[in-house]
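*Asks:* The structure under discussion is supplied below as structure tokens; questions concerning it will follow.
Read-outs: derived from the displayed coordinates by stated rules, not from any lab. All values derive from a computational prediction rather than experimental measurement. Using ideal geometry, Cβ is built from the backbone for each residue, glycine included, and neighbour counts are taken over all protein chains shown.
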Amino acid sequence: MTDIAVIGGGIVGMCLARELAMAGRDVTLLDSGHHAGTTANAGSLHVQMQSRFLRMYPELVPNLEASLPLYPEAARRWRLLAEDLGADIELRQSGGLMVCETAEHYEFLAQKCRREQALGLQVEMLDRAALRRVAPYLGDAVHGAELCAEEGKLNPLLANEALRRDLQARGVPYHIGHRIARIEAVREALLLHGTDGSVIRAGRVVLAAGAGSGALAGSLGAPLPTVAEPLHMNITEATAPLILHLVQHAERMITLKQLAAGQVVIGGGWPARFAGPQDFPTVEAASLVGNLSLAQHIVPPIGGLRLLRSWAGVNTTADGQCILGPLPQEPRVHVAVPGDAGYTLGPLVASMAAALLLGRDPGFATDRFTPARFSRAASG
Ligand SMILES: Cc1cc2nc3c(=O)[nH]c(=O)nc-3n(C[C@H](O)[C@H](O)[C@H](O)COP(=O)(O)OP(=O)(O)OC[C@H]3O[C@@H](n4cnc5c(N)ncnc54)[C@H](O)[C@@H]3O)c2cc1C
């Protein structure tokens, strides 16, 4: 019997298992070994609000603003984690540019910028001339941008590997390839039934299983509307240092950045699809072409680079906000699912989840993140 079982070995699960081990708890980490956002993501450290979402879903603005303070803190936590791991994960807070192509969109960004400044973010507007000085690699199509100093990038392959090594050094049992089909609550323990017929007994459980969390909560009768969203990524061959910032578009789906070794990582939410008997995330040709065309439109030198690789990964969506805390139906089971830009939020969400589990102060008000909101909504 383990004291705490963490289901899901993505960024949240790994950081959470690490925090619990550091607090002297007996913790076991279980992961099915596929379909993660953590192993597929682009390594962008996002802080500023997405202009496109604000325009598309104005009703969500209060939620987005309420979650905003998490993001600069999340970027700070990544810095601390990198230092603590003693690993070079290519973390650079070199600033993030949200670019736009029209005067109308520039004005919308400027309004967003004023609101974010009032909420404490380090943001400023750059017109075309100012942008030419700080980001000469941007093409003529770009009219202006909002610069957020706290944004940046890291290399997820290095960060994930450093975390795995750290967990190993701490002796945390980490079972990869172990998929939990359902959770059964009996009086003295929680029984984790594996798809291979195995049963693990745990005193408490944390669902850090990304899009898989909903089905596990469902096995206990708790509604948790996590949805798996397959997304496309591209990476170019290496080139000389060109792009300093994290670059994203205010109105269109694109993020891009350059890794330390020179490759340009291009993503931004273009769709992939599930295929095959195991619903494996699979690339779509239309996304490959669309994503690269837009990248070249924003940063023309990208057009001269060869595509090295494309892949697809699984993002998790719910209602855009974090889901943190105990299930009302079974308080021995907690949830730790990050909101939008979940890799950025991973270490912070893990430490908030650990605090809630251990009865400590999570540092932020977590009422609005409770899983109970979905039960309330389901009961009308
Ligand atoms: C292509 C792509 C690019 C992205 N780019 C960025 C970015 O640049 N910046 C950013 O901040 N965010 C980005 N994201 C989002 C980010 O990757 C995710 O939000 C984040 O990784 C979520 O971490 P997690 O630990 O909650 O879940 P995941 O990383 O999804 O991990 C969940 C784990 O749980 C396991 N699991 C699921 N069900 C079960 C089960 N029943 N039993 C056992 N194990 C189970 C899975 O195998 C998986 O390993 C991107 C996502 C994608 C797909």
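*Asks:* Within 10 Å of each residue's Cβ, count the other Cβ atoms and sort His46, His297 from fewest upward. Walk me through the numbers before you get to the answer.
*Replies:* Working: His46 25, His297 18.
Fewest-to-most ranking of His46, His297: His297, His46.
*Asks:* While we're on this one: Can you give the % of DSSP beta bridges in the chain that are antiparallel, to the nearest 5? Walk me through the numbers on the way to the answer.
*Replies:* On the way: 50 of 69 bridges.
Looking only at bridges with both residues in the chain, the antiparallel portion is about 70 percent.
*Asks:* Further question on the same structure: Calculate the dipole size of segment 241-312 relative to its Cα centre from +1 charges on Lys and Arg beta carbons and -1 charges on Asp and Glu beta carbons; express the result in debye to the nearest 20.
*Replies:* It comes to approximately 160 debye.
*Asks:* Please grab the % of Cα pairs in segment 249-288 that end up more than 15 Å from each other.
*Replies:* Working: 433 of 780 pairs.
Of all Cα-Cα distances in segment 249-288, 56 percent exceed 15 Å.
*Asks:* Across 10 Å bins from the origin, how do the percents of Cα pairs in segment 89-208 run, short distances first?
*Replies:* Values per bin, smallest distances first: 11, 24, 18, 14, 19, 12, 1.
*Asks:* A further question follows. Where in the chain are the DSSP H helices whose alpha-carbon span along the long axis reaches 18 Å or more and whose Kyte-Doolittle mean is at least 0.0?
*Replies:* Span-like helices, by this rule, are 285-298, 342-358.
*Asks:* For each of Asp319, Asp140, count neighbouring Cβ atoms within 10 Å of the residue's Cβ, then give the residues from fewest to most. Display every interim value, and only then the final one.
*Replies:* Working: Asp319 14, Asp140 10.
By the 10 Å Cβ count, ascending, the order reads Asp140, Asp319.
*Asks:* A follow-up question, please. Against the globular-protein guess of 2.2 N^0.38 Å, express the Cα radius of gyration of segment 276-380 as a ratio, rounded to two decimals. Mind dumping the intermediate values first?
*Replies:* Working: Rg = 19.6 Å, N = 105, 2.2 N^0.38 = 12.9 Å.
It is 1.52.
*Asks:* Now, a different point. Could you please rank Val227, Val299, Val142, Val61, placing first whichever residue has the fewest other Cβ atoms within 10 Å of its Cβ? The partial results should precede the final answer.
*Replies:* Values: Val227 11, Val299 24, Val142 21, Val61 14.
Result, fewest neighbours first: Val227, Val61, Val142, Val299.
*Asks:* Which semi-axes, in whole Å and largest first, does the equivalent ellipsoid of segment 201-345 have when worked out from the alpha carbon gyration tensor as the square roots of 5 times its eigenvalues? Walk me through the intermediate numbers first.
*Replies:* Working: eigenvalues 257, 52, 33 Å².
Ellipsoid half-lengths, sorted descending, are 36, 16, 13 Å.
*Asks:* Still on this structure, I have one more. Using Cα pairs closer than 8 Å and at least 6 residues apart in sequence, work out the relative contact order for segment 13-167, in percent.
*Replies:* Working: 184 pairs, mean separation 54.2, N = 155.
Worked out over segment 13-167, it gives 35 percent.
*Asks:* Anyone know which of Leu231, Leu85, Leu126 comes out most mobile in the 10 Å Cα GNM of the chain?
*Replies:* In the Gaussian network model the winner is Leu85.
*Asks:* Can I get the semi-axes of segment 1-129's equivalent ellipsoid? Compute them from the C-alpha gyration tensor as square roots of 5 times the eigenvalues, in angstrom, largest first. Please report the intermediate quantities before stating the final value.
*Replies:* Values: eigenvalues 251, 57, 42 Å².
Equivalent-ellipsoid dimensions as semi-axes: 35, 17, 14 Å.
*Asks:* Now for a separate question. Count charges around Val264 for me, please; just the other residues with Cβ under 13 Å from its Cβ, Lys/Arg as +1, Asp/Glu as -1.
*Replies:* On the way: positive: Lys153, Lys257, Arg306, Arg309; negative: Glu237.
Summing Lys/Arg as +1 and Asp/Glu as -1 gives +3.
*Asks:* Per residue Cα convex hull volume for the chain, in cubic angstrom? If you can, show how the numbers build up before the last one.
*Replies:* Numbers: hull volume 51.8 nm³, N = 380.
For the chain, the hull spanned by Cα atoms encloses 136 Å³ per residue.
*Asks:* So, how do all the Cα-to-Cα distances of segment 331-380 break down into 5 Å bins, in percent, from 0 on up?
*Replies:* Pair shares across the bins are 4, 19, 27, 26, 15, 7, 2.
*Asks:* Explain nothing, just the number: relative contact order of the chain, from Cα pairs under 8 Å at least 6 residues apart, as a whole percent. Kindly include the intermediate steps, with their values, before the conclusion.
*Replies:* Details: 835 pairs, mean separation 87.5, N = 380.
Relative contact order here is 23 percent.
*Asks:* Exposed loop sites here are trypsin sites (Lys or Arg not before Pro) in DSSP loop states with at most 14 other C-beta atoms within 10 Å. What is the longest stretch of the chain lacking them? Could the numbers behind the result be given before it?
*Replies:* Values: sites that count: Arg170, Arg187, Arg306, Arg360.
No qualifying site falls inside 1-169, the longest such stretch.
*Asks:* Can you list, bin by bin at 5 Å, the percent of alpha carbon pairs in segment 196-254, starting at 0?
*Replies:* Each 5 Å bin holds this share of Cα pairs: 4, 10, 13, 16, 11, 9, 10, 10, 8, 8, 2.
*Asks:* Taking the Cα centre as origin and putting +1 on Lys and Arg beta-carbons and -1 on Asp and Glu beta-carbons, what dipole magnitude results for the chain, to the nearest 20 debye?
*Replies:* Working: 33 positive and 36 negative charges, 61 e Å.
The calculated dipole for the chain is roughly 300 debye.
*Asks:* Count charges around Ala42 for me, please; just the other residues with Cβ under 10 Å from its Cβ, Lys/Arg as +1, Asp/Glu as -1.
*Replies:* Values: positive: Lys153, Lys257; negative: none.
Spelling it out: positives minus negatives among the neighbours equals +2.
*Asks:* What residue among Met253, Met56, Met352 has the largest mean-square fluctuation in a Gaussian network model of the chain, using Cα springs under 10 Å?
*Replies:* Greatest mean-square fluctuation among the candidates belongs to Met56.
*Asks:* Per DSSP helix of 4 or more residues, -39500 (n - 2.57); summed, then divided by the residues of the chain. What does that give at 222 nm, rounded to the nearest 500? Show your work: numbers first, answer last.
*Replies:* Values: 11 runs with 122 residues, N = 380.
Helices in the chain give a 222 nm mean residue ellipticity of -9500 deg cm²/dmol.
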